[in-house]
Structures are given as structure tokens and as C-alpha cells.
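What follows is one structure encoded as C-alpha cells, with my remarks underneath.
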Amino acid sequence: MADKVAAAVAAMALAMTLFAAGFGACTLPASTQLLAQATANDAVSPYADGQLTALAVETRGFTVDDYGRDADGEDGARGRLAAVILDAAREASAEGSPASGRWSAEARKAVAAIADGSSPQAALDRLAAVDDAYALDGDALSHLDDCNVLVRAAVPALWGVAALAAAALAFLLARRKRRLAGTALVVAPAVLIAAFAALGAWAALDFNGLFSAFHAVLFPQGNWTFSYDSLLISMYPLDFWMGMAGIWFATTLALSILAIVVGVLLRRPGRNARGHAVLKQSWARSKRP
């Protein structure tokens with residue numbers, strides 16, 4: 001009974017671990033940079049393409065990582081991000097910049113007022129009040145804060161789940177329950193691949209619907225919709241999220257296939273077992289009259 005419980009625990013924990021591994025891959029800084037370079041919408045943004053990519057990577061750090069929160073609190077993290085955006089605003093609005101023609105007189109005035117000694121956050125709010133295409137407004141920052149809370153709470157729990165999967169598999173192998181361990185390694189990724197296939201079909205038919213449903217579940221407060229030309233959406237347009245989903249699925253699929261291969265090998269009778277059977281048959285034949 002204990003062995004079957006351990007196998008069930010191993011399968012469930014492994015499925016969650018494989019799912020989390022895909023999320024970890026698509027939220028790496030390198031993934032964000034690669035996808036932002038390919039998808040950032042500089043055509044409607046007052047920032048140049050390279051600036052949008054750099055801002056996307058910086059905003060990813062604010063959203064996913066600690067970003068100084070433990071040391072300086074939420075205000076410190078916001079101030080740090082605001083300073084980076086304001087530096088980009090100065091560069092983009094300056095004469096001779098490739099994007100300077102996209103800055104309104106009012107936005108230029110807000111940028112010029114940045115040097116008046118006000119805090120970066122206050123200056124960012126003033127620029128965002130002109131238009132959310134120029135800076136992240138309060139709603140955008142609030143949504144990113146919500147994402148950060150969710151991610152930073154989930155990561156330690158998922159590491160714990162991964163450790164549980166490893167412990168359950170080790171328990172089965174220590175008790176020589178290779179077939180049960182192999183079954184867990186086969187069943188968990190098979191179920192996960194089936195779930196991803198269903199989500200993939202949904203995404204192919206209606207990615208916007210899947211995206212909205214996903215956010216509605218995780219962010220029921222509803223602060224996740226923004227105008228198409230806002231800075232947040234210019235950094236992370238729909239194609240960016242489709243790329244993220246692709247990296248997530250590809251990583252989870254690759255690791256799932258690896259788990260299945262290992263599971264199939266474990267389910268095969270071992271050489272010792274086959275050798276023992278052969279010796280037993282030979283011994284039986286030798287005893288015959």
C-alpha cells in the first residue's frame with residue numbers, strides 16, 4: 001500500500017515539476033530578451049526598438065525577481081524601475097533620437113521636469129499621466145506587483161514539490177519497486193502532454209480566449225487589461241506571449257519525453273532478473289531424471 005501511495009505522490013509531484021520547469025524556462029532573462037527583440041511593437045511606441053527590448057528585460061526583473069524588494073521594500077523596487085524608464089525617456093525624446101518625433105510637446109515637458117528634484121516614482125507618474133504609452137502607470141505597476149507576489153510565493157512551493165517527487169521516486173527505487181517508479185515516470189508526463197495538447201488546441205483556435213481565461217483565474221481583481229499602445233503592451237504584445245507559451249510547451253515536452261524514456265527503461269525487467277530466471281530454468285532441467 002505504501003508503495004502505491006508513493007507512486008501516486010511521485011506522479012502528481014512530477015507532473016507539477018515538469019509544468020513548473022517550462023514556466024521557469026520561459027521566464028528566464030534570455031527568453032525575455034529573445035522574444036522582446038522579435039516582437040516588441042516599436043511601430044506604435046515612443047521608444048525605439050532596442051529601448052523596448054531593454055525595458056522589457058528590466059521590467060521582467062521587477063515582475064519575476066526580488067528586484068531589491070527584500071532590502072528596500074516595494075517603493076524601492078518601483079523607484080528603481082522608474083529610474084530606468086525615465087533614463088530611456090530622456091534618451092528617446094532627445095533631439096536626434098530615432099523616436100524623438102513620436103513625443104508630444106506635453107510629454108517632452110514632463111520629461112524636462114524630471115530634473116526638478118522629484119522622486120523617480122513621482123516623475124514616472126507625471127509622465128504616465130500624459131499617456132500610458134510613455135510610462136508604466138499605476139494600474140500597470142499594480143498588475144506587475146501582483147504577478148511578483150504570485151511568482152515569489154509559487155517558486156519555493158514548486159521547489160518543495162520537486163523535492164517531494166525526487167524523494168518518492170528514491171523511496172520506490174530503494175525498495176526495488178522499479179516498475180512502480182517507471183509507471184510514475186510514464187503516467188505523469190503522459191497526462192501532462194495530453195493537457196498541453198488540449199490547451200494548445202484551444203490556443204490555436206482562440207489564443208485571446210485562453211489568455212483571458214488564464215488571467216481571469218490568476219488575477220480575479222481584473223487589473224490586467226491595457227490599451228494596445230501602452231508601454232506595457234508595446235513591450236509585451238500578443239506575439240510575445242505566444243512565444244512564451246511556445247518555450248513553455250517545448251521545455252515541458254522535452255523533459256516529459258525524457259521522463260517517459262527513463263520510465264520505460266525502468267519498467268523493463270532488469271538483467272539480473274532475466275539472468276536469475278535463466279539460472280532457475282537451467283537448475284530445474286538439471287534435476288530432471
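Summarising the label geometry, the points placed 7 Å from Cα in the beta-carbon direction at R175 and D66 lie 3.9 nm from one another. In segment 1-82, taking the dipole from charged Cβ atoms about the Cα centre, the farthest positive-side position among T53, C26, G73 is held by C26.
Let me cross-check L265: its accessible surface, 1.4 Å probe, with only protein heavy atoms counted, in Å² to the nearest 10? Taking all protein chains as shown, L265 has close to 90 Å².
In the context of the full protein assembly, S230 retains an accessible surface of approximately 0 Å², using a probe radius of 1.4 Å and ignoring ligands and nucleic acids. Expressed as a whole percent, the accessible area of segment 68-121 that falls on carbon and sulfur atoms is 51 (1.4 Å probe).
A 1.4 Å probe over all protein chains sorts F23, F214 by accessible area into F214, F23, starting with the largest. The residues L180, L173, sorted by heavy-atom accessible surface at 1.4 Å with ligands and nucleic acids left out, run L173, L180 from largest to smallest.
When the scattering of the chain is computed by the Debye formula from its Cα atoms alone, each counted once and equally, what is log10 I(q)/I(0) at q = 0.07, 0.08, 0.09, 0.15 Å⁻¹? Calculated log10 I(q)/I(0) at the listed q: -0.39, -0.48, -0.57, -1.13. Against the compact-protein benchmark of 2.2 N^0.38 Å, the Cα-based radius of gyration of segment 172-249 scales to 1.60.
Here segment 14-61 and segment 148-185 have alpha carbon centers that stand 28 Å from each other. When all protein chains stay in place and ligands, DNA and RNA are ignored, the 1.4 Å accessible-area order of W241, W159, W103, W202, largest first, is W159, W202, W241, W103. Think of a 1.4 Å ball rolled over the protein heavy atoms: segment 1-157 then has 45 Å² of accessible area per residue.
The values are calculated or read from the model by the stated rules, or taken from the named source; none is laboratory data. Predicted model, so just to flag it, every value in this text is computed and none were measured. Positions of Cβ are backbone-derived with ideal geometry, glycine not excepted, and every protein chain shown enters the neighbour counts. Side chains are part of the model used for accessible areas, which takes the heavy atoms of the whole protein and leaves out ligands, DNA and RNA. Shrake-Rupley method; radii C 1.70, N 1.55, O 1.52, S 1.80 Å.
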